[in-house]
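Participant: Below you will find the structure I want to go over with you.
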Amino acid sequence: MNSALDELKTRARVRLNRARREGVAGSLRLADCLHEAARAVGFAHWEHARLVLAGQARAGDDWGDFWHAPRTGILLHQWFAHYGEAVAVLDADRTAYLLPYRRQCFIVQEPFIRALGVDPDDAHWSALRHDLVAGLGTPAGQALAAQRIRAPLDTFSAR
């Protein structure tokens with residue numbers, strides 16, 4: 001079970017049902033609502049969200065903006081084009097967190113994780129050794145994604 005994907009599906013169904021009740025659905029389909037729900041949380045489209053949140057995206061793939069938040073520019077970020085370089089820096093600072101972003105990754109500190117609407121003290125972070133890139137698709141990664149998906153929509157960088 002993947003509660004982040006289930007949440008996106010629920011949002012899409014709610015939108016479609018509301019449009020139908022209000023008589024404004026027109027040619028609106030569930031697929032359209034799935035795409036819209038995925039874009040609202042930082043993915044290009046539904047299939048993109050499904051691949052990333054299911055843990056099928058790999059290094060070099062586009063992971064979307066799901067793990068980034070607007071208005072966090074004042075918080076320290078270390079950006080990396082290559083995952084291996086980021087892991088070396090993470091190993092030197094075990095209080096940091098390694099997150100995916102599009103085709104790159106970046107390292108942040110606790111305030112950034114809070115800005116995402118995710119608990120930095122959640123035990124799942126320890127299970128992942130604070131490396132969400134390696135943990136995408138694992139039960140711990142999915143638990144953190146479920147927290148993220150429930151964060152307020154204004155914490156997402158919609159595409």
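Participant: Look at segment 121-159 and say how many of its residues are within 24 Å of residue 84 (Cβ to Cβ) and in a loop (DSSP other than H, G, I, E, B).
Facilitator: Residues meeting the conditions: 6.
Participant: Being in contact (Cβ under 8 Å) with a residue 60 or more places away in the chain, surrounded by 13 or more Cβ atoms within 10 Å (Cβ to Cβ), hydroxyl-bearing (Ser, Thr, Tyr) and out of contact with any Lys or Arg (no Cβ under 6 Å at 6 or more places or on another chain) is true for just one of 155, 72. Which residue is that?
Facilitator: 155
Participant: Within segment 98-115, is there a residue that is touching a Cys at 6+ places or on another chain (Cβ under 7 Å) and either more than 17 Å from residue 7 (Cβ to Cβ) or surrounded by fewer than 16 Cβ atoms within 10 Å (Cβ to Cβ) (or both)?
Facilitator: Among the residues of segment 98-115, at least one is touching a Cys at 6+ places or on another chain (Cβ under 7 Å) and either more than 17 Å from residue 7 (Cβ to Cβ) or surrounded by fewer than 16 Cβ atoms within 10 Å (Cβ to Cβ) (or both), which makes the answer yes.
Participant: Hey, another quick one. Only one of (1) within 16 Å of the chain's Cα centre (by Cα); (2) surrounded by 19 or more Cβ atoms within 10 Å (Cβ to Cβ); (3) more than 18 Å from residue 143 (Cα to Cα) is not met by residue 80, so which one is it?
Facilitator: Residue 80 satisfies every listed condition except (1).
Participant: Could you tell me whether residue 13 is within 14 Å of the chain's Cα centre (by Cα) and either outside any loop (DSSP other than H, G, I, E, B) or on the phi > 0 side of the Ramachandran plot (or both)?
Facilitator: Judged against the criteria, residue 13 is not a match.
Participant: If residue 119 satisfies all but one of (1) surrounded by fewer than 13 Cβ atoms within 10 Å (Cβ to Cβ); (2) at pLDDT 95 or above; (3) within 15 Å of the chain's Cα centre (by Cα); (4) of a type outside the set (S, T, N, Q), what's the number of the condition it fails?
Facilitator: So residue 119 meets the others, but not (1).
The values are calculated or read from the model by the stated rules, or taken from the named source; none is laboratory data. Quick caveat: nothing in here was measured; it's all calculated off a predicted structure. Neighbour counts run over all protein chains shown; Cβ positions are idealised from the backbone, glycine included.
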